[in-house]
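This report refers to the structure that appears directly beneath it.
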Amino acid sequence: MNIRRKVATTLATTVLALGGAAAMAPTASAAGGPGREACSRSFDHVEYVRTESGVNLRTGPGTGYSSRGLLYDWTQIYVGCLSSSGYAYVQVYSGSHSGEYGWVANDYITGLLNLD
């Protein structure tokens with residue numbers, strides 16, 4: 001068995017064993033800014049965006065980072081982790097930004113509204 005096949009088999013086994021969690025951790029460059037390494041707490045579950053006018057999907061955890069676009073009310077997201085600056089690192093599951101990674105302010109995510 002060649003080395004590429006061994007690596008691919010090991011990676012696939014690891015992803016399946018972790019329930020796909022390894023797939024949620026792209027490098028920082030994949031998100032266009034800081035990735036999970038900027039997080040202070042893992043969260044790992046599906047939530048929804050709650051906003052009346054749209055919320056920015058940002059390249060980093062704060063208003064100083066550029067916007068990748070707007071997410072609208074009831075956009076489904078997978079929350080990977082939370083930063084200490086009040087942002088969540090997410091993967092978008094629905095809407096025009098489906099499949100993209102980025103940062104969303106905690107205040108606009110259901111279930112995170114009352115976190116300490």
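Computed from the coordinates by the stated procedures, all read-outs in this text should not be read as laboratory data. Computed from a predicted structure; not experimentally measured. With ideal geometry, Cβ positions are generated from the backbone for all residues, glycine too; neighbour counts draw on all protein chains shown.
Suppose we keep only residues that are assigned to a loop (DSSP other than H, G, I, E, B) and in contact with a Leu (Cβ under 8 Å, 6 or more places away or on another chain) within the stretch 66-103. Which one would you say is farthest from residue 50 (Cα to Cα)?
100
Restricting the stretch 40-65 to residues that are assigned to a loop (DSSP other than H, G, I, E, B) and of a type outside the set (Gly, Ala, Ser), the residue that is nearest to residue 102 (Cα to Cα) is 59.
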